[in-house]
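A short worksheet on the structure shown next.
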Amino acid sequence: MPLRITELHAVEILDSRARPTLAVSLTTEDGIRVRAGVPAGASTGTREAVELRDADPGRYGGQGVLTAAGQVNGEIARSLAARDFASATEIDRALIDLDGTGTKSRLGANAVVGVSLAAWYAEAARAGRGPWQHLARTAGTTPRLPVPHFNVVNGGAHATGGPDIQEFMLAPLGAPDFPEAVRAGAEVYARLKARLSAAGHSTGLGDEGGFAPAIRRPEDVLTLLVEAITDAGYTPGRDGVAIALDPAAGQFRRPADGRYLIDGEALTSDALIDRYEEIVDRFPVWSLEDGLAEDDGDGWVRLTARLGDRVQIMGDDVFVTDPALIAEAVARRAATSALIKVNQIGTVTETLEALRVCREAGWAQMVSHRSGETEDTFIADLAVGAGTGQIKSGAPARGERIAKYNRLLAIADADPALPYGLAGP
Ligand SMILES: O=C(O)[C@@H](CO)OP(=O)(O)O
Ligand SMILES: [Mg+2]
């Protein structure tokens with residue numbers, strides 16, 4: 001039976017930063033009703049799909065999304081309603097065609113992604129399956145529970161006064177199963193808080209629920225993390241709890257001369273790569289995301305050549321979940337893995353395509369939240385269904401972050417046969 005939408009409705013809600021975003025509800029002719037929440041980033045890539053924000057500076061300082069909601073309730077609803085669709089993929093294609101810009105800027109990427117997520121929820125519900133089972137079946141992938149990456153120290157664009165490096169994450173690679181990985185994350189988080197307090201640092205939180213102490217030197221943060229991992233009784237490293245970094249280096253690159261301003265120094269790409277190498281020598285860092293800026297193309301190739309066999313070199317702002325950009329980087333050996341965010345590209349179909357490009361190239365994939373989140377848990381199902389083996393959803397604290405981890409705990413509980421951990425090569 002074809003999928004027919006009888007009602008599509010978007011409403012302005014709040015995200016975790018008290019900024020407006022969209023919730024989209026969708027009803028099908030056969031009575032399925034679903035709802036999706038739309039996330040939003042702060043450290044965005046320049047080639048991301050473009051969200052619509054209102055022109056009116058009098059509401060939410062010009063950040064409202066009534067225009068985007070209007071696109072869903074008006075043009076998108078008129079175009080999709082009462083049409084027969086063979087699948088959610090077809091709905092995504094219709095959205096891409098209707099928008100017509102390649103960047104989703106006309107309808108708004110926030111409007112488009114809300115409808116896309118709702119369409120996939122609806123298709124799964126109509127098939128009588130959970131979202132992850134449905135995604136696995138559609139994509140032809142082998143499901144697994146991902147290694148959670150807990151962002152326990154927040155800096156950069158996510159925490160004023162925090163470190164220059166945006167994200168310091170705990171990755172319980174050595175955990176025997178997903179619940180034990182969550183436990184490790186939460187126990188180390190508690191020990192880290194105790195260490196920060198004892199040293200007189202702030203334990204206030206950044207946007208993703210991690211601590212945001214005024215510690216500039218990345219090595220000083222890493223030392224604290226290793227101590228906290230040990231305090232909690234875990235082994236620092238791949239057999240226990242490893243560390244992943246997302247410097248989001250584009251945020252601290254000086255446009256005038258392309259130097260990276262970190263910890264009071266102005267480093268060339270090569271000097272920054274040297275610094276990363278020293279960090280990898282000294283600390284149990286296993287993954288490095290956006291180590292360089294998105295426009296430092298040759299730097300990415302050198303970074304991968306230098307460190308690619310020691311740590312995962314992951315692109316976020318540089319690839320923006322775009323299958324074409326990922327394919328190009330595979331050919332240039334400009335990274336070894338890609339971060340995956342549905343709202344960076346705008347539809348679930350294109351996201352699955354990006355994941356397929358990675359799989360076929362032997363690249364690792366990490367499904368990711370945004371720094372502005374809702375209680376929506378689609379990314380948890382996406383990580384399991386697509387079998388990516390990795391997810392990041394912030395600290396093991398704050399409702400919008402733990403919604404995803406708690407969804408993963410529920411999936412683990414309901415299906416004890418699901419394997420846990422990194423996907424094989
Ligand atoms: O850089 C990132 O990886 C993300 C999520 O942690 O941040 P933002 O959503 O602000 O782009
Ligand atoms: Mg990033």
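The values are calculated or read from the model by the stated rules, or taken from the named source; none is laboratory data. The shown structure was predicted, so the numbers you read here are calculated from the model rather than taken from an experiment. So basically every Cβ, Gly included, is an ideal-geometry build from the backbone, and we count neighbours across all protein chains shown. Side chains included, ligands, DNA and RNA excluded: accessible areas come from the protein's heavy atoms. Shrake-Rupley method; radii C 1.70, N 1.55, O 1.52, S 1.80 Å.
Scan the range 268-282 and tell me whether some residue there is loosely packed, with under 14 Cβ neighbours inside 10 Å and on the phi > 0 side of the Ramachandran plot.
For the range 268-282, residues loosely packed, with under 14 Cβ neighbours inside 10 Å and on the phi > 0 side of the Ramachandran plot: absent.
I need the full set of residues from the range 331-349 which are surrounded by 22 or more Cβ atoms within 10 Å (Cβ to Cβ) and not polar (S, T, N, Q), in order please.
Those that are surrounded by 22 or more Cβ atoms within 10 Å (Cβ to Cβ) and not polar (S, T, N, Q): 334, 335, 338, 339, 340, 341, 342, 345, 346, 348.
Please name all residue pairs, on different chains or six or more residues apart, with Cβ atoms under 6 Å, provided the first residue is in the range 40-68 and is more than 13 Å from residue 20 (Cα to Cα) and the second residue is open to solvent by less than 60 Å² (accessible area, probe 1.4 Å) and modelled with pLDDT under 95.
Note: pairs meeting the criteria are 42/157; 43/157.
Within the range 13-31, which residues are open to solvent by less than 40 Å² (accessible area, probe 1.4 Å) and more than 22 Å from the chain's Cα centre (by Cα)?
Matches in the range 13-31: 25, 26, 27, 28.
Residue under question is residue 296, and the condition is that it be in contact with a strand residue (DSSP E or B) (Cβ under 9 Å, 6 or more places away or on another chain) and away from ligand 1 (no atom under 12 Å from the Cβ); does it hold?
The answer is yes for residue 296.
Listed here are the residues, each with its yes/no results for (1) touching a strand residue (DSSP E or B) at 6+ places or on another chain (Cβ under 8 Å); (2) more than 13 Å from ligand 2 (Cβ to nearest atom).
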position	(1), (2)
248	yes, no
254	yes, yes
258	no, yes
287	yes, no
333	no, yes
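Residues of the range 146-203 being more than 30 Å from residue 132 (Cα to Cα), more than 13 Å from ligand 1 (Cβ to nearest atom) and assigned to a loop (DSSP other than H, G, I, E, B), which ones?
160, 161, 162, 163, 164, 199, 200, 201, 202, 203
Could you please find all residues in the range 235-261 being surrounded by 15 or more Cβ atoms within 10 Å (Cβ to Cβ), of a type in the set (A, V, I, L, M) and away from ligand 1 (no atom under 16 Å from the Cβ)?
Scanning the range 235-261 gives 241, 242.
Within the range 149-184, track down each residue that is of a type in the set (D, E, K, R), over 15 Å from residue 224 (Cα atoms) and in contact (Cβ under 8 Å) with a residue 12 or more places away in the chain.
164, 177
Does residue 374 meet the test of being part of a helix (DSSP H, G or I), closer than 15 Å to residue 113 by Cα and within 16 Å of ligand 1 (Cβ to nearest atom)?
For residue 374, the condition - part of a helix (DSSP H, G or I), closer than 15 Å to residue 113 by Cα and within 16 Å of ligand 1 (Cβ to nearest atom) - is not met.
Take the range 364-399 and flag every residue that is open to solvent by 10 Å² or more (accessible area, probe 1.4 Å), more than 21 Å from residue 49 (Cβ to Cβ) and within 16 Å of ligand 2 (Cβ to nearest atom).
Residue satisfying the conditions is 364 alone.
Answer yes or no as to whether residue 69 is modelled with pLDDT of 95 or more and under 25 Å from the mean Cα position of the chain (by Cα).
So residue 69 fits the description; yes.
On the given criteria, is residue 109 crowded, with 24+ Cβ neighbours inside 10 Å, touching a residue at least 40 places away in the same chain (Cβ under 8 Å) and among the small types (Gly, Ala, Ser)?
In short, yes.
Confirm whether residue 138 is open to solvent by 20 Å² or more (accessible area, probe 1.4 Å) and either in contact (Cβ under 8 Å) with a residue 60 or more places away in the chain or in contact with a helix residue (DSSP H, G or I) (Cβ under 8 Å, 6 or more places away or on another chain) (or both).
Yes; evaluated as a whole, the condition is true for this residue.
Before we move on, is residue 292 hydrophobic (A, V, I, L, M, F, W, C), touching a helix residue (DSSP H, G or I) at 6+ places or on another chain (Cβ under 9 Å) and away from ligand 2 (no atom under 16 Å from the Cβ)?
No: the conditions fail for residue 292.
Inspect the range 338-355 for any residue being at positive phi, in a loop (DSSP other than H, G, I, E, B) and within 14 Å of ligand 1 (Cβ to nearest atom) and give the result as yes or no.
no
Kindly indicate whether any position in the range 196-203 is closer than 16 Å to residue 394 by Cβ and open to solvent by less than 40 Å² (accessible area, probe 1.4 Å).
no
Only one of these conditions is not met by residue 374: (1) of a type outside the set (D, E, K, R); (2) touching a Leu at 6+ places or on another chain (Cβ under 9 Å); (3) without any contact (Cβ under 8 Å) to a residue 40 or more places away in the chain. Which number is it?
(3)
Out of 95, 3, 80, report the one residue that is away from ligand 1 (no atom under 16 Å from the Cβ), over 30 Å from residue 246 (Cβ atoms), in contact with a Ser or Thr (Cβ under 8 Å, 6 or more places away or on another chain) and open to solvent by less than 10 Å² (accessible area, probe 1.4 Å).
Only one candidate qualifies: 3.
If you take the residues of the range 164-181 that are open to solvent by 10 Å² or more (accessible area, probe 1.4 Å) and more than 16 Å from ligand 2 (Cβ to nearest atom), which of them is nearest to the chain's Cα centre (by Cα)?
Only one residue fits best here, namely 173.
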